[in-house]
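Notes for the one structure printed next.
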Amino acid sequence: MRICLDIEFEKEIVCILGGGKLALRKAKQFLEAGSIIYISALAYEEEFDALPVHKVDRDQLHQALKEAKLAIACTDDEQENRAFLKLAKTHKVLTMAARKEQGQDTLSLTQLRLPQMVLASSTQGAFPVANRYLLQDWQRRLSILGMIREKLSDHSLCKALLDLTEEQLFFLQEALKQEQAIVYLLHGNASLKAHRQCENLVRSAKEKWNHYAVTTFFLARKYKNMDLETWCAILKDLNIQTHFVLLFWQRGNYVDQAEKILTSYSFSKQCIFLQPQTLVKENQKYILHTQSKKVEKDCIVLSILDSPYMRKLYPDHRFIAALDQDKQIERIVHETHPAF
């Protein structure tokens, strides 16, 4: 099992065999770390001419190995790479290779060094180009987490921040700027289509309430990443004026429990009852989220969001999701009245 180590390479000798593009990337990486580079190749990339490296023959490179901290094999010849790394190991030098399983004992990670942290990524060769993008995503997420942490007075909530989804994290960033927010509470699920439906609702709400940060929050225990009480505690501690909107067909345990929590935190709230009759024809029978033992063939299955469970439960029935309908979203946004 491997362990990632952060090793100092300032003024340390690094020997590189090969002068291609990979050798160029490695040379730049270790020059940036302050290393002294000795390199030997039959041909070099033109960009090497502008780099402060020591171009030497093979014998000189082998001599430099005696004082080196790392040897990197970057040629297309596997046997030559293996021989070079084998020689380096006789001098107790760490080894690295351009390709897997050539006798190396270290791997290079794409890294991003910041004043307060060091980020490193390796896709094990599966998708090397993605490493830089992964680091940028981590940097962005960590910077927002750090900003939110600094504004929290109750640091016991910091651990809960790690449970935030990316959407919730960026919502909090926006909410801290706007200082007021709208949160739609739904008995939701984890399907991709349901998330897209939530995004459509958020986008429409932002168009009308452009001075508010807007997001959705799933109440269903199976799918939520944190409980509503913790979510409220974070918003309260950050002094974000938040208006909660509960969306549902009919009152039940989820709605009652949510209202109690919102009341305990003194958040403004409202309930919007969706009307199933607006989604079906007059006198047409429908099913709402609950399983019925006797289901007529012409019944329509209604859900607020896309529901793979309901589709599977009633495969032979027509399925309608309320938030698939632009008119339903417009109505919800129209009826939303933040009490600020």
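The values are calculated or read from the model by the stated rules, or taken from the named source; none is laboratory data. Please read all numbers here as calculations on a predicted model, not as lab measurements. Note that we place each Cβ from the backbone using ideal geometry, even for glycine, and neighbour counts take in every protein chain shown. Surface areas here come from the heavy atoms of the whole protein model, side chains and all, with no ligands, DNA or RNA. Shrake-Rupley method; radii C 1.70, N 1.55, O 1.52, S 1.80 Å.
Take ILE72 and decide whether it is of a type in the set (A, V, I, L, M) and in contact with a helix residue (DSSP H, G or I) (Cβ under 8 Å, 6 or more places away or on another chain). So ILE72 fits the description; yes. With respect to (1) part of a helix (DSSP H, G or I); (2) crowded, with 19+ Cβ neighbours inside 10 Å, the lone exception for LYS28 is condition (2). Taken over the stretch 181-215, the criterion of being open to solvent by 10 Å² or more (accessible area, probe 1.4 Å), closer than 24 Å to ARG251 by Cα and at pLDDT below 95 is satisfied by HIS187, ASN189, ALA190, SER191, HIS195.
For the stretch 204-214, the criterion of a residue being under 22 Å from ALA160 (Cα atoms) and not β-branched (Val, Ile, Thr) is satisfied by at least one position. The set of residues in the stretch 230-253 that are free of Cβ contacts under 8 Å to residues at least 60 places away in the same chain, surrounded by fewer than 15 Cβ atoms within 10 Å (Cβ to Cβ) and within 23 Å of HIS155 (Cβ to Cβ) is empty. The listed residues are ALA73, ALA126, and the only one of them that is small (Gly, Ala, Ser) and loosely packed, with under 12 Cβ neighbours inside 10 Å turns out to be ALA126.
Residues in the stretch 247-259 that are closer than 23 Å to GLN180 by Cα and either over 32 Å from the mean Cα position of the chain (by Cα) or in a strand (DSSP E or B) (or both): LEU247 only.
When GLU10, GLU47 are checked against the criterion of being within 37 Å of the chain's Cα centre (by Cα), over 16 Å from THR106 (Cβ atoms) and assigned to a helix (DSSP H, G or I), GLU47 stands alone in meeting it. Just one residue in the set GLU174, GLU259 is within 27 Å of GLN328 (Cα to Cα), modelled with pLDDT of 95 or more and in contact with a Lys or Arg (Cβ under 7 Å, 6 or more places away or on another chain); that residue is GLU259. Per this entry, LYS327 is not counted among residues that are under 18 Å from THR242 (Cα atoms) and part of a helix (DSSP H, G or I). Among the residues of this structure, LEU51 does not count as one that is touching a Phe, Trp or Tyr at 6+ places or on another chain (Cβ under 8 Å) and not charged (D, E, K, R). Hey, could you check the stretch 260-278 for residues that are closer than 19 Å to LEU302 by Cα and assigned to a loop (DSSP other than H, G, I, E, B) and say which is most open to solvent (accessible area, probe 1.4 Å)? By that ranking, first place goes to GLN275. Scanning the stretch 141-166 for residues that are touching a residue at least 60 places away in the same chain (Cβ under 8 Å) and either open to solvent by less than 60 Å² (accessible area, probe 1.4 Å) or in contact with a Cys (Cβ under 6 Å, 6 or more places away or on another chain) (or both) turns up ILE148, LEU152, LEU157, ALA160, LEU161, LEU164, THR165. Considering the stretch 14-25, the residues that are under 18 Å from GLN104 (Cβ atoms) and assigned to a helix (DSSP H, G or I) include one that is most open to solvent (accessible area, probe 1.4 Å), namely ARG25. Count of the stretch 297-319 residues, restricted to those that are touching a strand residue (DSSP E or B) at 6+ places or on another chain (Cβ under 7 Å) and exposed (fewer than 15 other Cβ atoms within 10 Å of the Cβ), is 1. LEU219 fulfils the conditions (1) within 30 Å of HIS317 (Cα to Cα); (2) touching a residue at least 12 places away in the same chain (Cβ under 8 Å); (3) more than 25 Å from the chain's Cα centre (by Cα) except for a single criterion, (3). Restricting the first member to the stretch 76-96 and to residues that are at positive phi, and the second to residues that are surrounded by fewer than 17 Cβ atoms within 10 Å (Cβ to Cβ) and in a helix (DSSP H, G or I), no beta-carbon pair is closer than 7 Å while six or more apart or on different chains.
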